[in-house]
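First up is the structure itself, then whatever we jot down about it.
The values are calculated or read from the model by the stated rules, or taken from the named source; none is laboratory data. Keep in mind that what you see is a predicted model, and the values were worked out from it rather than measured. Please note: Cβ atoms are built from the backbone with ideal geometry, for glycine as well, and neighbour counts cover all protein chains shown. Each accessible area value is taken on the protein alone, full model and side chains, heavy atoms only, with ligands, DNA and RNA left out. Shrake-Rupley method; radii C 1.70, N 1.55, O 1.52, S 1.80 Å.
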Amino acid sequence: MGLLDLDRRVFALGLARMADAVGNSFLIVVLPLYLASGQVPIESLVGARVSLLGASLTITEYLLVGIVLSLFGFLNSLAQPFTGRLSDRTGRRRAFILFGLLLLGAASGAYALVSSYWLVVLLRVLQGVGAAFTIPCTVALVNELATGHDRGSNFGVFNTFRLIGFGFGPIVAGLVVEARGFDAAFAVAVTGAAVSFLTVWAFVSDPERPETAASDDLSVAVRGDDRLLDPVFTLGLGTVAMGICIAMFATLEGRINERLGQGTLWFGLQFGAVTLANVAFQIPIGRAADRYGRRPFLLAGFCLLVPTTVAQGYVLSPAPMTVTRFLLGVAVALVFAPSLAVAGDLAREGESGTTLSVLTMAFGLGVAIGPLASGYLERFGFAVPFLAAGMLATLALVLVSTQVGETGDPQRTVDWPWSPGD
C-alpha cells in the first residue's frame, strides 16, 4: 500500500496531526525552560511541604514542572472515553476535532500573556480538554476508513505523519528558544494548531453514519472471553507503561543536561529521537503487521522497551543517550501501529471511538504519569525513575505475551509458532 493508494481523508488527518504535533511537542521542551527562566515566578512554591495521603512531600522545581506537563495527559486521558463515546453516538468526528484544535491553539498563544504558575496550570488543563476532543475522534476516523487488510498500514502512515511533527518539534524548539525567545516558540505552537484546523476544515469529512448506534455503557471490558484479561484492556495497560517510559525524560531536562554536559539543542535531539525512529519504522511495521500478524511485533516492541528504558539512567554522554532514545523509539514503533490495529480489528461497528480511546487514553495516562513519577523519584537517585519504568515495561511484556492473541486476517497472517490459540 503506497501513499497514492491512501484515502485522502487519512492523508489529510495525518498532515493535520503533523502540524498540530509540532506545536504541542514544542511545549514539552519549552515549558520547563519557561518555568525555570523566572518569567513565571515559582520560587515561593519551591521548598514548601504539603501533606499527601498522610505523607509529607517537599515541593521541588522538578515536581512543579512535572505537574504542568502531566496535567495535559491526565485531562486528555480521563475525558477521552466521554468524547469518544459522544462522537460515536453523534457521528460528528470532524466537528469535535475542530473544536479541540481551537482550544489547543488559543491556550498555546495565551502562555505568552501569563505571569503566574497557576495560570500556566489552567492553560494546560484547557489544552488537555482540547486534545480529548481531537485524539479519539481522529483515530476513530482513520479506523473507519480502513479494512482488516490495510488497517495496520493506515495507522502506520497516519502515525508517521503525526510523529514527524512530534519528532521535529523538540529539535526546532531548542533553536527557536535560543534564537528568538519564548514568545516566538508559543507563536509556532499557535501556527501549528491553525494549520491543522484549516487542513481538517478543508479536506476531512465524516464517513457515512452506520446504522448501529453506540451503547450508553462507558465501562471498559476488563475480563477476556477466553483468558483472564480483555486484549484491548491488556494493550491499554502496556500502553500506559510505554507512555511512562517515553515521558519521564522531559521532567529531568535540567538534570540530564547537567549530567551529560550538554545544551538545550542536544536535549531536543534526544527527546525527538524517539519520535524520529517512529517516523522511520511506522509504515513498514504497519504493513508487516497486516501481512504477518500483529502479535510478533508487539512482543518484539516490549522486549526492546525494557533495556532501552533502563539504559537511560546510566548513559553519561550526549551521543550514546541519543542512540538509546532512538532505540526506545524503535520499540515504540513496534508497539504503536499493531496495538491500534488490534483494537480496530476488535471494535464493533459504530464503536471505533470508544474502543480505540482505550489505547489513546492509556497513552495519555502514561505520558501524564511519567513526568510526575520522574519528578518525585529522581530524589532517590538519577537512575531510579528509569529502573522503575523498566520494571513496568517488563510487566507489560508478560501481560501482552499471555493475554493478547492474533487478530490479523488469517489468510494473510503467518502461523507463528509462539502465537497462543484464539
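A few points about this structure:
- Probe 1.4 Å, protein heavy atoms only - accessible area per residue of the stretch 48-141 in square angstrom: 39 Å²
- Comparing the stretch 228-346 with the 2.2 N^0.38 Å rule of thumb, its C-alpha radius of gyration ratio is 1.13 (two decimals).
- Here the ratio of the Cα radius of gyration of the stretch 35-133 to 2.2 N^0.38 Å is 1.30.
- Summarising the label geometry, the points placed 7 Å from Cα in the beta-carbon direction at Leu387 and Leu175 lie 3.9 nm from one another.
- Convex hull volume per residue in cubic angstrom - Cα atoms of the stretch 77-196: 109 Å³
- Order of exposure, largest accessible area first, which applies to Trp201, Trp266 with probe 1.4 Å: Trp201, Trp266
- Sulfur and carbon atoms: percent of accessible area, the stretch 233-341 [1.4 Å]: 73 percent
- A 1.4 Å probe run over the stretch 235-351, with the rest of the protein chains in place, finds 29 Å² accessible per residue.
- Gained length - Arg291 relative to Val121, 0.36 nm times residue gap less alpha-carbon distance: 56.7 nm
- Thr58 paired with Ala300, simple spin-label distance in nm, labels 7 Å along Cα-to-beta-carbon: 4.7 nm
- Within the stretch 33-49, backbone nitrogen closer than 20 Å to the virtual label 7 Å beyond the Cα of Asp183 toward Cβ: 33-41
- The modelled label-to-label distance between Glu43 and Asn257, using points 7 Å beyond Cα along the C-beta direction, is 1.9 nm.
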